[in-house]
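Below is one structure, written out as structure tokens; the observations come after it.
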Amino acid sequence: MIRIFLVRHAETDMAGRFCGHSDPELNARGRTQLARLVTMLSQTIIRRVYASDLRRARQTAEAIAAHFGAKLHLRPGLREIYFGRWEGLTWNEIQCHDSILARNWAVEFPYSTAPGGESFRSFALRVRRGFASLLREATKSPIAIVTHAGYIRVVLTSLCRVSEQEAWDWTKEYGSVVTLDTNHLGGLGIGTSISRYPAFVQAERL
């Protein structure tokens, strides 16, 4: 059985803002979350860590890799969706500046595109292709993939038959972890379990 930990990065000062390809560092709260995250993952041994090359994911991954003595691989394809002109803005700011676009985006979410941003279709295709590549690289030793909430949600909804609401709930906390188990390299297999700090919840998808 192959075990894959999908890890959402720890918190930054852009929490509550549209943060796709923006590149903030972890804040003090985020750095505190790292110790708790490593403790949660310490129930197993992780040999390889893959991460988005954006600093918030990289810094989270560095803490995990250092704890396990694992090799860290940075992958730009693990980035969050790009929000274009909306990068760095709050939803209230977007509604003030682009009220019509904001309303249309909310109605069509997640299939709408922020102005100048990456379309959800392109993003989802990037996620599926990149994740399939990581599955092919997976071995019988558990691996960690440190990425972003949007990326993990696409994996869950597209590949694991998880509802959009469940995917949102499971990844809304910074430092949340979703554990995927599969029996074969060609795709996701018999089980999907989730653990999320501070709560610990498990769910199975057959």
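The values are calculated or read from the model by the stated rules, or taken from the named source; none is laboratory data. Note that this is a predicted model, so its numbers are computed, not measured. Cβ placement follows ideal geometry from the backbone for every residue including glycine, while neighbour counts extend to all protein chains displayed.
Condition check ((1) surrounded by 15 or more Cβ atoms within 10 Å (Cβ to Cβ); (2) at pLDDT 90 or above) across all residues:
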{"residue": "120", "(1), (2)": "yes, yes"}
{"residue": "145", "(1), (2)": "yes, yes"}
{"residue": "148", "(1), (2)": "yes, yes"}
{"residue": "168", "(1), (2)": "no, yes"}
{"residue": "188", "(1), (2)": "yes, no"}
{"residue": "199", "(1), (2)": "no, no"}
- Task: Determine which single condition residue 92 fails, assuming it passes every other condition in (1) modelled with pLDDT under 95; (2) more than 15 Å from residue 78 (Cα to Cα); (3) assigned to a helix (DSSP H, G or I).
- Result: (1)
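Being among the hydroxyl-bearing types (Ser, Thr, Tyr) and exposed (fewer than 12 other Cβ atoms within 10 Å of the Cβ) is the filter here; which residues of segment 95-116 pass it? Write out each step before concluding.
Keep residues of segment 95-116 that are among the hydroxyl-bearing types (Ser, Thr, Tyr), which gives 99, 111-113.
Residues satisfying the conditions are 99, 111.
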- Query: Which residue pairs have Cβ atoms under 6 Å apart, sit 6 or more places apart or on different chains, and have a first residue in segment 115-141 that is more than 19 Å from residue 53 (Cα to Cα) and a second that is among the polar types (S, T, N, Q) and surrounded by 13 or more Cβ atoms within 10 Å (Cβ to Cβ)?
  - Reply: 119/113
- Message: All but one of (1) touching a residue at least 60 places away in the same chain (Cβ under 8 Å); (2) over 22 Å from residue 182 (Cα atoms); (3) not hydroxyl-bearing (Ser, Thr, Tyr) hold for residue 108; state the number of the condition that does not hold.
- Response: (1)
- Go through segment 71-94 and give me each residue that's surrounded by fewer than 16 Cβ atoms within 10 Å (Cβ to Cβ), farther than 17 Å from residue 130 by Cβ and of a type outside the set (A, V, I, L, M, F, W, C). 71, 84, 85, 88, 90, 92, 93
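Being touching a helix residue (DSSP H, G or I) at 6+ places or on another chain (Cβ under 6 Å) and within 29 Å of residue 31 (Cα to Cα) is the requirement here; does residue 179 meet it? Quick ask: steps written out before the conclusion?
Numbers: touching a helix residue (DSSP H, G or I) at 6+ places or on another chain (Cβ under 6 Å): no; within 29 Å of residue 31 (Cα to Cα): yes.
The answer is no for residue 179.
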- Item | Scan of segment 25-70 for residues that are surrounded by fewer than 15 Cβ atoms within 10 Å (Cβ to Cβ), assigned to a helix (DSSP H, G or I) and not hydrophobic (A, V, I, L, M, F, W, C), ordered by number | 29, 32, 36, 39
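Can residue 123 be described as out of contact with any strand residue (DSSP E or B) (no Cβ under 9 Å at 6 or more places or on another chain) and in the same structural domain as residue 18 (by TED's automatic domain parsing)? Steps first, answer last, please.
Details: out of contact with any strand residue (DSSP E or B) (no Cβ under 9 Å at 6 or more places or on another chain): yes; in the same structural domain as residue 18 (by TED's automatic domain parsing): yes.
Against the criterion (out of contact with any strand residue (DSSP E or B) (no Cβ under 9 Å at 6 or more places or on another chain) and in the same structural domain as residue 18 (by TED's automatic domain parsing)), residue 123 qualifies.
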